[in-house]
């Protein structure tokens with residue numbers, strides 16, 4: 001009987017570690033998406049400055065392309081943050097990880113509160 005409880009506890013710990021590993025991997029994706037978004041915004045700003053300095057069909061086209069790229073990067077970043085918000089943290093480390101991104105979205109902060117309440 002006792003070994004059954006130990007096996008259950010061991011499986012629960014393994015599952016928690018797997019969830020945390022998945023959470024860490026997703027956090028890496030969030031970091032990459034955030035960097036891509038910031039790079040796209042910087043490129044958009046540079047294209048806008050170039051267009052303002054020398055308005056032409058070419059600089060206008062570059063500005064429009066940069067705006068589109070920034071919008072796509074924003075969508076990807078938002079999707080990664082949404083996934084992170086929907087993932088449940090099962091350890092203190094997972095909570096800390098999610099908390100480090102809480103400033104980016106209210107939904108993520110709300111999910112942290114839910115995770116804490118489930119502890």
What are the pairs, 6+ residues apart or on separate chains, where a residue within the stretch 15-26 that is farther than 17 Å from residue 100 by Cα has its Cβ under 9 Å from a residue that is in a helix (DSSP H, G or I) and at pLDDT 70 or above?
-> 16/94; 19/94
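Please work out if residue 25 is at pLDDT 95 or above and either under 28 Å from residue 71 (Cβ atoms) or touching a strand residue (DSSP E or B) at 6+ places or on another chain (Cβ under 9 Å) (or both).
So residue 25 does not fit the description; no.
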Given (1) part of a helix (DSSP H, G or I); (2) modelled with pLDDT of 95 or more, where does residue 80 come up short, assuming only one miss?
-> (2)
Does any residue in the stretch 57-78 that is touching a residue at least 24 places away in the same chain (Cβ under 8 Å) and at negative phi come within less than 8 Å, Cβ to Cβ, of a residue that is exposed (fewer than 15 other Cβ atoms within 10 Å of the Cβ) and assigned to a helix (DSSP H, G or I) six or more places away or on a different chain, and which pairs are these?
-> 66/46; 73/39
Is it true that residue 84 is within 21 Å of residue 99 (Cα to Cα), touching a helix residue (DSSP H, G or I) at 6+ places or on another chain (Cβ under 6 Å) and surrounded by 12 or more Cβ atoms within 10 Å (Cβ to Cβ)?
-> yes
Since residue 55 meets every condition but one in (1) surrounded by fewer than 16 Cβ atoms within 10 Å (Cβ to Cβ); (2) in a helix (DSSP H, G or I), which condition does it not meet?
-> (2)
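The values are calculated or read from the model by the stated rules, or taken from the named source; none is laboratory data. Remember, predicted model here, so these are calculated numbers, not experimental data. When we count neighbours, we look across all protein chains shown, and the Cβ atoms used for this are built from the backbone with ideal geometry, even at glycine.
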